[in-house]
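Colleague: Before we start, here is the structure in question, set down as C-alpha cells.
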Amino acid sequence: MPQIKFYNRPAVPMEMHKVKIVQKLNLLPARQRLEKMKEAGFNTFLLHNGDIFMDMLTDSGVNAMSDNMQSAMLRADDAYAGSETFYRMRDKLEEIFGIGNLLPTHQGRACEHIIAQHFVKPGNCIIMNYHFTTSKAHVTRLGGHVEELIIDEGLVTKSDYPFKGNIDLEKVKACIAKEGAENIAYMRLEAGTNLIGGQPISYENMKAATDLARQHGILTVLDASLLQDNLHFIKTREESMKDKTIREITRMIADLYDIVYFSARKFGFGRGGGILVRDEKLFHDMEDYIPMFEGFLTYGGMSVKEMEALIIGFDETMDEDIISQGPIFINHCVTELDGMGVPMITPGGGLGAHIDARQVMEHLPQEQYPAGALVAALYLCGGIRGMERGTLSEERNPDGSEHFASVEMVRLAFPRRVFTLSQTEYVIDRVKWLYDHRHMIGGLRFVHEPKTLRFFTGKLEPVSDWPEKLLEAYIADFGEDQ
Ligand SMILES: *Cc1c(COP(=O)(O)O)cnc(C)c1O
C-alpha cells in the first residue's frame, strides 16, 4: 500500500506501525550544544548520542526492530559451532536470494574486506556504479583502483531522473577495452547508491551491465546493503516491473550476480552481515577467511540473537508496506524543503534526505568543507545530527592535495521505522531556518587529520567565530532553552 488516502485534508505520510517501546529524547539548551560540538572537534561522529535530539547520522544498526524480531531472539540457539539459528538464517536467505552458500560476517565492511582480500591484486581495476567509503578503502588498501562509471545524470543534484544509480554501459565498454578484462577483479554494483543520495539502480540496467561483464568473464558482485529501498523504487518507478512482487523482483536481481553481500545493519533491520557465493568451489575457497577475521562459520562475529531477529527482518524486507515507509517519509522531507527553495538532491532516494551543500554554501570554497560546516551548524541550530558526505569524507590524493568530492552533501538519514511525522516536520523547519541564515555559516579546518577514513575520527575547528554568531541569531528566534 503506497500511501493512505485522506478525505478532507491533504494526505501526509503515514506510519504503518505503532510504538511499543520508547526512548526518551533530550534537547540540550542551545549554548550547551556549542560546548559539545567543540568537544567533538566539529565532527558529528564524535558527539555523544545523549546530547543529540534527532540522530540522523546513519541508517546503520539503528533501525527499529519489530515485535516479531524481538520475540524471535528468545529462541536463538547459542552455540559456537553448528547453531541451528545459522541454518535457519541460511535457509531464509536461500529462499529469498536463491543462493544458499552463506559466509556470515559481523557487518557490511567485513564482507568488503573478505571480497577484496580474495580478488584484488595490485594494479587491478574494480568497476563500480559508484564507490562507497569502505568498499573503496578496502580496494585501494590492496593496491587496486576503483573506476566509478555512474551515468552523468547520477551526479546532477536537482533532477527527476528515476534511476540515478545506473551505471553507464558505454563507459563500462570503454573501461573494459582500456583495462583489459583480465585486469578487472570484479564489477560491483551498489543498490540504493549511498554516496549520491541513496539513488536506485534499475533492474534493466543491472541486467545489461552484468550481461556485459559476463561476456568478458568478469565476476559480478551486488552490494545489497541498501537493496530494500531500491526494491521499492523498482516496483514503483520501473514500468515493466510494477506487476511483480517484491520477492519476485529480489530473485530476478539476485539471479544476475555471482556474489551478493549485505550489511544487515541496514538490510534486515538488525546488526550483522553476510556474503552469498553462487559457485560452490569459490564459496569453499573463501570460507577460510571467516574463522580468521570474523568468527566461526556458523556465526561470523554476529550475536546469535541478532541472527534470529534478522531471519524475521529479511521476511519483513519483502513486505511492501514496510519497505515503502522510508522512501515515503524521505520524499515528504525532500519535497517540502525543495518547495521552500532549499537545494536538495532530487528526486528523493532511500536511506535519507540529502541537502546539496555545494549550492547552499556557495560562499565557501571546497577546501573549507562546506558540507562539514553545514552539518555542524545543523547540530548547533536544532540538535540534529546529520553526516557530512563530501570532501571531508574523501581521502587526500597521493601528493597530499585535497581530492574534491564530485557531490557535497549533508545526509539526514531516516533510520527505518524510527521517526514520526512531527519529528520530520521539526527537521524541515530547522533546515529551512538554517538555509535562510546560510551566509552566517563559515568554514572548518583540520586540527587532527587521520590518513585513512579521516571523517570518522578527525577533529576540526571553525576558521572564525561564526558558530557563536550563528547561535546568537538562533537564540534570538527560538530562545536559549532550545
Ligand atoms: C553501510 C554500507 C556498507 C557498510 O556496511 P557496515 O555494516 O556499516 O559496515 C557497505 N555498502 C553500502 C552501500 C552501505 O550503505
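The values are calculated or read from the model by the stated rules, or taken from the named source; none is laboratory data. Note that the coordinates shown come from a computational prediction; the quantities given were computed from them, not determined experimentally. When we count neighbours, we look across all protein chains shown, and the Cβ atoms used for this are built from the backbone with ideal geometry, even at glycine. What goes into the accessible areas is simple: the full protein's heavy atoms, side chains included, and nothing from ligands, DNA or RNA. Shrake-Rupley method; radii C 1.70, N 1.55, O 1.52, S 1.80 Å.
Colleague: Going by the conditions given, is A174 open to solvent by 20 Å² or more (accessible area, probe 1.4 Å), more than 19 Å from L453 (Cα to Cα) and over 19 Å from the mean Cα position of the chain (by Cα)?
Modeller: For A174, the condition - open to solvent by 20 Å² or more (accessible area, probe 1.4 Å), more than 19 Å from L453 (Cα to Cα) and over 19 Å from the mean Cα position of the chain (by Cα) - is met.
Colleague: Let me ask something else about it. All but one of (1) surrounded by fewer than 24 Cβ atoms within 10 Å (Cβ to Cβ); (2) part of a loop (DSSP other than H, G, I, E, B) hold for R358; which doesn't?
Modeller: Against the list (1) surrounded by fewer than 24 Cβ atoms within 10 Å (Cβ to Cβ); (2) part of a loop (DSSP other than H, G, I, E, B), R358 comes up short only on (2).
Colleague: Can I ask one more? Tally the residues that are more than 13 Å from the ligand (Cβ to nearest atom), buried (at least 19 other Cβ atoms within 10 Å of the Cβ) and hydroxyl-bearing (S, T, Y), restricting the search to the range 128-157.
Modeller: The qualifying residues number 1.
Colleague: If the requirement is being open to solvent by 30 Å² or more (accessible area, probe 1.4 Å) and in contact (Cβ under 8 Å) with a residue 40 or more places away in the chain, which of these qualifies: A76, A81?
Modeller: So the residue among A76, A81 that is open to solvent by 30 Å² or more (accessible area, probe 1.4 Å) and in contact (Cβ under 8 Å) with a residue 40 or more places away in the chain is A81.
Colleague: Are there any pairs, at least 6 apart or on different chains, whose C-beta atoms fall under 6 Å, with the first in the range 214-230 and at pLDDT below 95 and the second near the ligand (Cβ under 10 Å from one of its atoms) and hydrophobic (A, V, I, L, M, F, W, C), and if so, which?
Modeller: That search, which allows pairs on different chains as well, returns nothing.
Colleague: Within the group A371, A413, A405, which residue is more than 22 Å from M440 (Cβ to Cβ), free of Cβ contacts under 8 Å to residues at least 40 places away in the same chain and among the hydrophobic types (A, V, I, L, M, F, W, C)?
Modeller: Only one candidate passes the filter, namely A405.
Colleague: Within the range 374-402, which residues are acidic (D, E) and touching a residue at least 60 places away in the same chain (Cβ under 8 Å)?
Modeller: E388, E395
Colleague: Could we say that V418 is in a strand (DSSP E or B) and either among the hydrophobic types (A, V, I, L, M, F, W, C) or at pLDDT 95 or above (or both) here?
Modeller: Here the answer is no, as V418 does not meet what is asked.
Colleague: Now for a different question. I'd like the full set of residues that are within 12 Å of the ligand (Cβ to nearest atom) and open to solvent by 10 Å² or more (accessible area, probe 1.4 Å), limited to the range 109-120.
Modeller: Once the filter is applied, which keeps residues that are within 12 Å of the ligand (Cβ to nearest atom) and open to solvent by 10 Å² or more (accessible area, probe 1.4 Å), the range 109-120 yields R109, E112, H113.
Colleague: Kindly list the number of the only condition in (1) modelled with pLDDT of 95 or more; (2) of a type outside the set (A, V, I, L, M); (3) under 21 Å from A40 (Cβ atoms) that fails for W433.
Modeller: The number of the failed condition is (3).
Colleague: Could I ask something else about it? Show me the helices (runs of 4 or more DSSP H) entirely contained within the range 184-286 in which 2 or more residues are over 23 Å from the mean Cα position of the chain (by Cα) and either away from the ligand (no atom under 16 Å from the Cβ) or surrounded by fewer than 24 Cβ atoms within 10 Å (Cβ to Cβ) (or both).
Modeller: 203-215
Colleague: Return yes or no: is Y426 of a type in the set (F, W, Y), closer than 16 Å to W466 by Cα and in contact (Cβ under 8 Å) with a residue 60 or more places away in the chain?
Modeller: The answer is no for Y426.
Colleague: If we keep just the residues of the range 89-108 that are over 21 Å from M252 (Cβ atoms) and not in a helix (DSSP H, G or I), which is nearest to the ligand (Cβ to nearest atom)?
Modeller: Q107
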